[in-house]
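Some notes on the structure that comes next.
Each value in this text was obtained by applying a stated rule to the coordinates, not by laboratory testing. These figures come from a predicted structure and were not determined experimentally. Positions of Cβ are generated from backbone atoms using ideal geometry, with glycine treated the same way; all protein chains shown enter the neighbour counts.
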Amino acid sequence: MAFMRFAFVFVCGALAVSAEHWNVTNPDTNLTCLILDANLSFNLKFLNETSNQTQSYTADFNQTNNVYGECDTTHNNQPVNYLKVEFYVTSKDPASLLKVWTVKFWFGKPKDSAAFQLVDYNLVTAGTAEIPFSGTFARPTSAEAEIQAKDKNAFQCSDTTIGLDHESSIQLRNLRTIAFADLNSTNFPKEQQYELCLRDSKTSDVVPIVVGACLAGLVVIVLVAYLVGRARAKRQGYASV
């Protein structure tokens, strides 16, 4: 019973994963068109002009400073939902904790049947004690983001990476997002349906197999224990006679 209670707590804890939460609401209709939940981290490469060598750095999202967005705007001659997040990254230096970084996301409607798709994004960094460089990182023209969904579905992924130029990238963990929606709340509805990224789709296929194998193994163990116990009981019965 104690094991079952532990397993229940573990599963519930695993499902209650926290992430940064941002949304964009249309001021004319008071309906939410865009929601994005994620934990962000950054893998960046800067060219040190002094040594003429490329240096690699990592940074983690720390705290949101400001959020701005639009439900009805255009980008590259197409209608988009737009999200801009100004934030701070983690640092051991108090002064660096006040350096503002900016990440922007544009969600469009592709020509196929997808309801929304991440069509563009960029990152603007500020120098910190750990990263003594600043710069702007854009989406490469060859980058393909799988962040999209059809109909009224949202998109969900436990861990995905979107590429930036200069061989850099943004990692999004615990990602959930929806765009071009008309929601009465700034949170995802309880009945919201999600399309999974390729990584999670493979995992969801493996889980039933693993669970089935575990249950089959448990049945075998119980059966063996029963047969062993029955054999011992018979031997004890013969001994008493």
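Of note:
- For the stretch 172-186, putting each phi into the Karplus relation 6.51 cos²θ - 1.76 cosθ + 1.60 with θ = phi - 60° gives couplings of 10, 10, 6, 7, 9, 8, 8, 9, 6, 9, 10, 9, 7, 10, 8 Hz, in residue order, rounded to whole numbers and with x for Gly and Pro.
- Estimated FRET transfer efficiency (residue 77, residue 182; beta-carbon r; R0 30 Å; 0.05): 0.80
- Mean Cβ count within 10 Å, highest first, over the residues of peptides 151-160, 23-32, 49-58: 151-160, 23-32, 49-58
- Placed amide H near residue 80: partners under 5 Å, 5+ positions off or other chain: 73, 74, 75
- Loop GluC sites (Glu not before Pro), the stretch 73-147, which have at most 10 other Cβ atoms in a 10 Å radius of their Cβ (DSSP): 144
- Applying the Karplus relation 6.51 cos²θ - 1.76 cosθ + 1.60 with θ = phi - 60° to the stretch 57-73 yields 3J(HN,Hα) values of 9, 10, 9, 10, 4, 10, 7, 6, 9, 7, 10, 9, x, 9, 8, 10, 8 Hz, where x marks Gly and Pro.
- Amide H partners (placed H, <5 Å) of residue 154, local residues excluded: 193, 194, 195
- Spatially proximal lysines relative to residue 150 (Cα-Cα < 26 Å; intrachain offsets below 8 disregarded): 84, 104, 109, 111, 190, 202
- Shown in residue order for the stretch 193-202 are the 3J(HN,Hα) couplings computed by the Karplus curve 6.51 cos²θ - 1.76 cosθ + 1.60 at θ = phi - 60°: 9, 10, 9, 8, 5, 4, 4, 6, 5, 5 Hz (x for Gly and Pro).
- Other-chain or far-sequence residues with amide H under 5 Å of residue 115's (modelled H): 149, 150, 151
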